[in-house]
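Heads up, the thing below is written out as structure tokens.
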Amino acid sequence: MGAYVIGTGRAADRQTVLDFGAQEFVDLGNDVLEDVGGVDLVFDVIGGDIGKRSAGRVRAGGTLVSIVGPAEARPANGLAVDFVVEADRAELTEIVQRVRDGRLRTNIGNVSTIDDAVAALNPTERRKGKTIVRVRP
């Protein structure tokens, strides 16, 4: 789409973030987030302190989109949007089609049965990727 993407995360996730298309990576454990210049859009999936610090990176007229609830900090001269997903069958069908034809890549780390869902969604160690719970065999 022509955007210059700066991804953030833990050092161990650097290559995954770059493989998914980011042009730049900020290691939240070792790099200084505030060294990133002003950006047009922040998509916050973490919240808390990182969300607050990210809001300060949004340049005038830019937007902060949060999927973790109402943003605790808002851009000084920008817009803050709380993003809530209410999927419908047609949208989910479109997502499945995009995955099947290669237009959308996924990052699945674990597939679990419904019987093991509680343990899968409350792991004892950090897992890479998203957890999928199969409700049918």
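For Asn122, the stated conditions do not hold, so it cannot be described as in contact with a helix residue (DSSP H, G or I) (Cβ under 8 Å, 6 or more places away or on another chain) and not charged (D, E, K, R). Scan segment 116-132 for residues that are exposed (fewer than 10 other Cβ atoms within 10 Å of the Cβ) and more than 17 Å from Val45 (Cβ to Cβ) and the total you get is 3. When the residues of segment 13-34 are filtered to those that are without any contact (Cβ under 8 Å) to a residue 12 or more places away in the chain and surrounded by fewer than 17 Cβ atoms within 10 Å (Cβ to Cβ), the one that is nearest to Gly51 (Cα to Cα) is Val32.
Scanning segment 71-98 for residues that are part of a loop (DSSP other than H, G, I, E, B) and of a type in the set (Asp, Glu), which turns out surrounded by the fewest Cβ atoms within 10 Å (Cβ to Cβ)?
The qualifying residue surrounded by the fewest Cβ atoms within 10 Å (Cβ to Cβ) is Glu86.
Right, Val68: surrounded by 11 or more Cβ atoms within 10 Å (Cβ to Cβ), part of a loop (DSSP other than H, G, I, E, B) and of a type outside the set (Gly, Ala, Ser) or not? Considered against the rule, which asks whether it is surrounded by 11 or more Cβ atoms within 10 Å (Cβ to Cβ), part of a loop (DSSP other than H, G, I, E, B) and of a type outside the set (Gly, Ala, Ser), Val68 comes out as yes.
Quick test of your reading of the structure: Glu34 fulfils all but one of (1) over 16 Å from the mean Cα position of the chain (by Cα); (2) part of a loop (DSSP other than H, G, I, E, B). Name the failing condition by number. If we test Glu34 against (1) over 16 Å from the mean Cα position of the chain (by Cα); (2) part of a loop (DSSP other than H, G, I, E, B), just (2) comes out false.
Taken over segment 99-113, residues that are hydroxyl-bearing (Ser, Thr, Tyr) and in a loop (DSSP other than H, G, I, E, B) amount to 1. So if I check each of Ile46, Ile50, which one is of a type outside the set (D, E, K, R), assigned to a helix (DSSP H, G or I) and either closer than 23 Å to Asp82 by Cα or not assigned by TED's automatic domain parsing to the domain that holds Arg103 (or both)? Going through Ile46, Ile50 in turn, the sole match is Ile50. Tell me whether segment 12-22 contains one or more residues that are assigned to a loop (DSSP other than H, G, I, E, B), at pLDDT below 90 and touching a strand residue (DSSP E or B) at 6+ places or on another chain (Cβ under 7 Å). Among the residues of segment 12-22, not one is assigned to a loop (DSSP other than H, G, I, E, B), at pLDDT below 90 and touching a strand residue (DSSP E or B) at 6+ places or on another chain (Cβ under 7 Å), which makes the answer no. Remark: pairs (first residue in segment 114-132, assigned to a loop (DSSP other than H, G, I, E, B); second residue of a type outside the set (S, T, N, Q) and surrounded by 10 or more Cβ atoms within 10 Å (Cβ to Cβ); Cβ separation under 7 Å; 6+ apart in sequence or on different chains) = Arg127/Gly109; Lys128/Gly109; Gly129/Ile108; Gly129/Gly109.
The values are calculated or read from the model by the stated rules, or taken from the named source; none is laboratory data. Here the structure is a predicted model, which means the values were calculated and not measured. Glycine also receives a Cβ, built like all others from the backbone with ideal geometry; neighbour counts cover every protein chain displayed.
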